[in-house]
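The values are calculated or read from the model by the stated rules, or taken from the named source; none is laboratory data. Just so it is clear, the model here is predicted, and its values are computed rather than measured. Cβ sites come from the backbone with ideal geometry, for glycine too, and all protein chains shown count toward neighbours.
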Amino acid sequence: MVGDVPGALALAARLRDPLPLSAPPEPKSTPAGTEEARLRQLMDGYFDFVWRSLRRLGLLASDADDATQEVFLVVSRKLPQILVGSERRFLFATALRVASTRRRGLRRRPEDSSETLDDHQHGAPDPERVLQLAQARRELDQIFDGMDLEQRAVFVLFELEELTVPEIASLLGTPVGTVSSRLRAAREHFQAAVKRLHARAAFAGGRS
Amino acid sequence: MSQEKDAELSRLLRTGSELEKGVLGSALEDRPAPERRKDAIAQVLDATRKRRERRWLAPVGISALCAAAATALLLPHGSPRPALPVSAEPTPAASLTKTHPAASAPNASSASAFANGFMPCSPVSVAEGGSPLIDDFEDGDTRLPLLEHRAGSWVVFNDATSTQQPRPGSMFPAQRLDGRGSSHFGLHMAGGKFTKWGATLAIELSPRRCYDASVYRGIEFWARGHGSIRPTVKMTQVVSEEYGGSCLHDCFDAHGTVLALARDWRLYRLPWSELKQRGFGEQVPFDARSLFSIEFQVAPEQTPFDFWIDDLSFAK
């Protein structure tokens with residue numbers, strides 16, 4: 001959603017002040033004097049978190065690959081300024097900013113409307129299961145497309161990363177009440193959208 | 001939502017409906033391909049090393065530039081000047097990531113053409129009001145009697161999570177009834193436990209056209225069975241454009257009502273005014289001037305199911 005970009009950037013801007021966040025376990029402490037070792041630890045510990053955050057914030061799998069690289073390049077440049085213990089918050093804030101910037105240019109290119117099965121095949125070798133997952137993932141993308149990025153970030157952190165509302169508030173630098181209202185709106189949107197998608201499938205099923 | 005409630009709030013992945021869990025659960029499979037992960041980490045480390053090297057080389061380059069400038073000043077004019085390899089530092093992100101055109105398509109208007117009042121659909125077939133019968137199935141087939149420009153055949157379909165009779169895509173004749181006066185045939189549909197969106201028995205009133213039944217005040221039919229069903233009367237305004245409707249967003253929230261069935265045959269009469277949308281789609285006032293289809297839907301919570309339909313007609 002193009003219109004959500006300024007809000008997302010404002011949100012990302014609020015995330016600049018690093019605050020420690022307890023979960024999940026942070027990478028082990030950085031060996032003295034080795035920025036590269038710390039960077040490598042961060043990538044080993046958080047690469048998947050950043051990648052899936054970018055996917056869930058609206059990027060296609062192929063774009064998430066590039067965007068994850070971009071996030072860690074930012075991290076590599078700013079590593080001395082990132083306090084130990086606040087890495088996850090910095091990474092999510094950067095991912096949010098990168099996702100909102102990329103989404104402006106990548107909104108629903110026609111050739112991107114479906115991804116290859118390879119994008120969903122890791123660890124799911126059963127072809128039928130792969131097809132089901134791909135279909136469900138497309139449906140989730142459609143639903144997420146209707147949410148603004150701030151709602152989506154709260155929804156993803158709560159429902160998929162399983163953070164609590166206070167943890168999300170801390171991570172995003174947003175009041176707990178605001179997180180709660182965004183979460184409520186996002187859940188309502190999600191539940192209505194699931195019903196719509198299946199009503200559509202029910203209708204289309206007889207006309208294929 | 002209070003903070004206390006949030007603490008008790010459980011995740012949809014655990015407490016949502018099967019549909020919600022299925023859609024949301026697909027995101028749990030999100031993970032980068034191992035080879036792409038490995039490549040990306042290697043490239044970031046490589047770019048970081050190169051940047052560090054450039055940082056170290058920069059003072060050397062500036063020194064060389066100063067030395068060259070001094071030499072140029074000191075040497076007699078006409079002497080060849082040393083070539084200085086000066087280049088701007090490439091942006092790491094630009095050098096490592098693909099660039100995409102920033103052409104964002106203009107947003108399609110999200111406002112439905114029907115949002116502010118009824119707009120007649122076209123082409124339209126109009127019921128005159130003299131032949132309200134839609135289908136009594138007494139001809140033994142599933143084609144509509146050709147009355148008041150109505151046409152089409154009954155179809156069944158489901159979400160493929162269980163089985164039903166008749167099977168989707170099959171030709172299914174009307175079946176012989178027992179014990180309903182002079183009526184001998186009806187439509188019978190039965191199925192198992194469905195989990196996604198359920199099963200549907202449907203008829204388009206006038207394929208590729210919308211149907212104006214405003215001369216009537218509702219529909220009526222006989223039915224028997226167990227459990228409940230949801231008869232719906234679908235307007236073109238809730239059907240998306242790709243299927244011949246005019247809905248642009250939040251489609252397929254059709255008007256209907258849930259009916260509890262009885263074991264014995266009963267007449268059900270549904271005035272237009274009793275048909276309501278479920279609330280998940282764009283809200284459109286019901287208008288019998290632009291009908292698309294009549295459907296008997298069974299949602300997952302209404303399965304397994306077993307019901308008969310007979311003598312479907314418009315009501316005056």
**OP:** Test A:A153 against the stated conditions and say whether it is modelled with pLDDT of 55 or more and away from every other protein chain (no Cβ under 11 Å).
**Re:** yes
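Every residue, every condition in (1) in a helix (DSSP H, G or I); (2) more than 8 Å from chain B (Cβ to nearest Cβ); (3) at pLDDT 90 or above, yes or no:
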position	(1), (2), (3)
A:D48	yes, no, yes
A:W51	yes, no, yes
A:G58	no, yes, no
A:D65	yes, no, no
A:F72	yes, no, yes
A:R77	yes, no, no
A:R88	yes, yes, no
**OP:** Would you check if B:E282 is surrounded by 15 or more Cβ atoms within 10 Å (Cβ to Cβ) and part of a strand (DSSP E or B)?
**Re:** no
**OP:** Please work out if A:L171 is over 19 Å from B:L19 (Cβ atoms), in contact with a Phe, Trp or Tyr (Cβ under 7 Å, 6 or more places away or on another chain) and either facing chain B (nearest Cβ under 7 Å) or assigned to a helix (DSSP H, G or I) (or both).
**Re:** yes
Original post:
Tell me, which helices (runs of 4 or more DSSP H) lie completely within the range B:1-62 with 2 or more residues that are touching a helix residue (DSSP H, G or I) at 6+ places or on another chain (Cβ under 6 Å) and modelled with pLDDT of 75 or more?
Top reply: B:12-15, B:18-25
Original post:
For the subset of the range B:218-251 comprising residues that are of a type in the set (A, V, I, L, M, F, W, C) and modelled with pLDDT of 90 or more, which member is farthest from the chain's Cα centre (by Cα)?
Top reply: B:W222
Original post:
Can you pull out the residues in the range B:142-168 that are in a strand (DSSP E or B), within 14 Å of chain A (Cβ to nearest Cβ) and not polar (S, T, N, Q)?
Top reply: B:V155, B:V156, B:F157
Subject >> Residues satisfying the stated conditions in the range B:159-199, i.e. in contact with a helix residue (DSSP H, G or I) (Cβ under 9 Å, 6 or more places away or on another chain) and not hydroxyl-bearing (S, T, Y) >> reply: B:D159, B:A160, B:P168, B:K193, B:F194, B:K196, B:W197, B:G198, B:A199
Original post:
For the range B:166-207, how many residues meet the condition of being closer than 19 Å to A:A202 by Cα and of a type in the set (D, E, K, R)?
Top reply: 4
**OP:** Would you mind stating whether A:R184 is more than 7 Å from every other protein chain (Cβ to nearest Cβ) and over 15 Å from the mean Cα position of the chain (by Cα)?
**Re:** no
Subject >> Residue within the range B:253-276 that is modelled with pLDDT under 95, among the charged types (D, E, K, R) and crowded, with 20+ Cβ neighbours inside 10 Å present >> reply: yes
Subject >> Residue ID - surrounded by the fewest Cβ atoms within 10 Å (Cβ to Cβ), chosen from residues in the range A:39-79 that are under 19 Å from B:A47 (Cβ atoms) and basic (K, R) >> reply: A:K78
Subject >> Exclusive hit being within 14 Å of another protein chain (Cβ to nearest Cβ) and crowded, with 22+ Cβ neighbours inside 10 Å, set B:A223, B:A199, B:A213 >> reply: B:A199
